[in-house]
1. Being touching an Asp or Glu at 6+ places or on another chain (Cβ under 8 Å), of a type outside the set (A, V, I, L, M) and open to solvent by less than 10 Å² (accessible area, probe 1.4 Å) is the filter; apply it to segment 461-482 and report the residue that is nearest to Glu426 (Cα to Cα).
2. Sort through Ser356, Ser418 and tell me the only one that's in contact with a helix residue (DSSP H, G or I) (Cβ under 8 Å, 6 or more places away or on another chain), among the hydroxyl-bearing types (Ser, Thr, Tyr) and crowded, with 18+ Cβ neighbours inside 10 Å.
3. Within segment 398-415, does at least one residue satisfy the condition of being more than 36 Å from the chain's Cα centre (by Cα), at pLDDT 95 or above and open to solvent by 60 Å² or more (accessible area, probe 1.4 Å)?
4. Take the conditions more than 22 Å from Arg297 (Cβ to Cβ), of a type in the set (Gly, Ala, Ser) and free of Cβ contacts under 8 Å to residues at least 40 places away in the same chain and apply them to Ser406. Does it pass?
5. Might you check whether a residue that is among the aliphatic types (A, V, I, L, M), within 30 Å of Gln407 (Cα to Cα) and not in a helix (DSSP H, G or I) occurs anywhere in segment 496-508?
6. Could you please find all residues in segment 452-472 being part of a helix (DSSP H, G or I) and not charged (D, E, K, R)?
7. For Ser363, state whether it is of a type in the set (Gly, Ala, Ser), at pLDDT below 95 and either open to solvent by 20 Å² or more (accessible area, probe 1.4 Å) or more than 17 Å from the chain's Cα centre (by Cα) (or both).
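The values are calculated or read from the model by the stated rules, or taken from the named source; none is laboratory data. Since we're looking at a predicted model, the values are computed, not measured. Glycine gets a Cβ as well: all are built from the backbone with ideal geometry, and neighbour counts include every protein chain shown. What goes into the accessible areas is simple: the full protein's heavy atoms, side chains included, and nothing from ligands, DNA or RNA. Shrake-Rupley method; radii C 1.70, N 1.55, O 1.52, S 1.80 Å.
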Amino acid sequence: MTKVEDNGLHFTGTAGKHAWKGNLDSVAFDEAGIKARLLNLAQPCYLVKAEGQLGFTNEGRLDTASVSWDAAPSVDTASVLLDAAPSVDTVEALLVAPPLLPEQLGDPEFLAFHKVKYAYTVGSMAQGIASEEMVIALGKAGMLGSFGAAGLPPARIEAAIRRIQEALPEGPYAFNLIHSPSEEALERGAVELYLKYGVHTVEASAFLDLTPHIVRYRASGLSLTADNQIEIQNKVIAKLSRREVATKFMQPAPAKILQELVEKKLITELQASLAAKVPMADNITVEADSGGHTDNRPLVVLLPSIIALRDEIQQKYQYQREILVGAGGGIGTPAAALAAFMLGAAYLVTGSISNSCIESGTSAHTKKLLAQAEMADVIMAPSADMFEMGVKVQLLKRGTLFPMRSQKLYDLYRSYNSIEELPTEERAILEKQIFRKSLDTVWDETVAFFNERDPEQIARAANNPKRKMALIFRWYLGLSSRWSNTGEKGREMDYQIWSGPAMGAFNDWVRGSYLEESNNRKVVEVAWHVMTGAAFLYRLQSLKLQGLRLPSRYGQYYPTPR
């Protein structure tokens, strides 16, 4: 037994009448040994008192306990007590914490429904930032990743589907379906691809209301089993931050939309009738203060509200399978992950911290900027896909002028009705500093782009000068994110980099560890450390609640290479 003068442990709770039996050599009384015992999450952890000292061990047993804990991942209250070590000493047992591995966090129904090992997912960062490599790496590790299909042409999405399905024929994987109010053809085309290739899980994001396309995807995957039960083949994870939008996804599809789809022969009468009995989404991701599209809502306020709404709707409709509610936005550290789980999250979604990982489909320069970001290095700026509506997205402001320049474009859009109305000096500034070419050339390139992608956009702008101006300004907003992804030389100050404050929190946490360098950030490694750290912090909190006072030096989880 290693004796120390003072390891800083203090117990102020009420000790039970149990004794611990085991080999005292397994008990750690020094700081390093105590940390090692606390971090051994696969085994129970006993706080014992021997010769006036407090220490921890993962071995031995409680000799009068009515409940014992087997090794993780499950807790079996009917199991036989652990055998004592050959050399047995009896000392006072003050506390015991059961095994808790990261696989046990979250809702087991989520794990079973998506056939994953961890209740940790990576959201669909647009334009392939959530890349094929990222989705495949996560899938092979038993985690769900969603490919960032938003903003990509159909051919690019189709290639991604083929590659991911080849690497993960049994899953798990998901694809993004983003609401595109200004480019409906993109949303419709994505749904057609997903139905064609049998993509059975989508992450629906940025929806303001239900559309025929998301309803078609959901209803097309409904059928009856041999025992007359509804089988849901096309799963929907809806990412949102408003109660009114959550209500739409928690309820069955609108009858009017279903009937229109039947009339167009896009779904069958049976599918329409089944769609009236199931919610539009299986899972709801509550998106708090995230990168990209966000309402900047605090998770501690938003998540309980959406969970309560789910409970109200479940009571009304009595669905066979309850909608599961997860949390995203602000999840960048083990403490944030644990907080989300304690608030009732069934699963977690990360974005910003995954953007900085090596599998991310963005450039090395962007990853370096993300790895240097502080929590305050973010700002809201106009969104490319919903520019005319005044919608904003959260971005990194450090190392780029994009937020300022995009806001200038939106201010000009609000102030003038056409490109021709722009003051000469303003137009000169735009052409020299932002576009770096004449606005006439930009318009020609915009026409060529949309003639291949969505010709209706050009037709709508033909007799609408304001619309034409919006498309010209969106040229810059759209390309800026692609420049960031591809690492366009000479355009570094125009990079549009989606990020939330979680990025800065993550950087603070990993500073001094091997994950401080962006080249070491593998998405599965990051996920594993966030979840393991959360499980470790849960163990500490459970011990504190039982009366143990732990010095702060024991309460930090720092990632080390596995």
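1. Tyr476
2. On the way: Ser418 fails: crowded, with 18+ Cβ neighbours inside 10 Å.
One residue alone meets the criteria, Ser356.
3. Kept after step one, since they are more than 36 Å from the chain's Cα centre (by Cα), are these residues of segment 398-415: 415.
Applying the additional criterion that residues be at pLDDT 95 or above yields 415.
Subsequent filtering for residues that are open to solvent by 60 Å² or more (accessible area, probe 1.4 Å) retains 415.
Yes; the residues of segment 398-415 include at least one that is more than 36 Å from the chain's Cα centre (by Cα), at pLDDT 95 or above and open to solvent by 60 Å² or more (accessible area, probe 1.4 Å).
4. Values: more than 22 Å from Arg297 (Cβ to Cβ): yes; of a type in the set (Gly, Ala, Ser): yes; free of Cβ contacts under 8 Å to residues at least 40 places away in the same chain: no.
No, not satisfied.
5. yes
6. If we filter segment 452-472 for residues that are part of a helix (DSSP H, G or I), which is where we start, we get 452-453, 456-461, 465-472.
Once the filter is applied, which keeps residues that are part of a helix (DSSP H, G or I) and not charged (D, E, K, R), segment 452-472 yields Gln457, Ile458, Ala459, Ala461, Pro465, Met469, Ala470, Leu471, Ile472.
7. Numbers: of a type in the set (Gly, Ala, Ser): yes; at pLDDT below 95: no; either open to solvent by 20 Å² or more (accessible area, probe 1.4 Å) or more than 17 Å from the chain's Cα centre (by Cα) (or both): yes.
It is false that Ser363 is of a type in the set (Gly, Ala, Ser), at pLDDT below 95 and either open to solvent by 20 Å² or more (accessible area, probe 1.4 Å) or more than 17 Å from the chain's Cα centre (by Cα) (or both).
Yes or no, residue by residue, for (1) open to solvent by 10 Å² or more (accessible area, probe 1.4 Å); (2) in a helix (DSSP H, G or I):
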site: Thr247; (1), (2): yes, yes
site: Val286; (1), (2): no, no
site: Arg297; (1), (2): yes, no
site: Val300; (1), (2): yes, yes
site: Ser305; (1), (2): yes, yes
site: Asp311; (1), (2): yes, yes
site: Ala337; (1), (2): no, yes
site: Ala340; (1), (2): no, yes
